[in-house]
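Rule-based calculations on the coordinates, nothing more; no lab input. All values derive from a computational prediction rather than experimental measurement. Heads up, the Cβs are rebuilt from the backbone with ideal geometry, glycines too, and the neighbour counts pull from every protein chain shown.
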Amino acid sequence: MIRHVLATAAVVLSLGAGAAMAQQPGSEQRCGWLDNPTPGNASLYDKDGEWTIAVQGGHQAKGDWPPPYKAGEWRKSGNGSYGYGCACMTVKVDAEEKNVLEIVSAKARPLSACRKDKALSAVEKQLH
């Protein structure tokens, strides 16, 4: 009986530690349109407006972008693989400047998720 209790306690503690590690202090989740129109330039448009991820020759957030997209979920615009898609990102931001400082994680979402969001529906027209 005591072994079972100790084993259960160990599992609960390890799960709690994993959850704590997954949360980054100072990070927040933002979901919206990820726009990468040209090399070195990217923004995330969410309910709060535009968040700058990168400006060619200037600000560059730490971390990887864009996340991998399934076929048909990344809309190409212009040359090469540049374009836009829908994404959720766990980020650290400078809220005053509206800059993404670090991308902790990023996950692609179906285009329909952003299209259905009333706060984001008009943004796609600007990304073409």
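Rounded to the nearest 0.05, what FRET efficiency do residue 128 and residue 98 give with R0 = 30 Å and r taken as the Cβ-Cβ distance? Could you check? It would help to have the intermediate numbers written out before the result.
Numbers: r = 23 Å, r/R0 = 0.75.
Working from the Cβ atoms, E equals 0.85.
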Estimated distance in nm for a label pair at residue 55 and residue 70, the labels positioned 7 Å out from Cα along Cα-to-Cβ: 3.6 nm
Rounded to the nearest 20 debye, dipole of the stretch 68-109 from Cβ charges on Lys, Arg, Asp, Glu: 340 debye
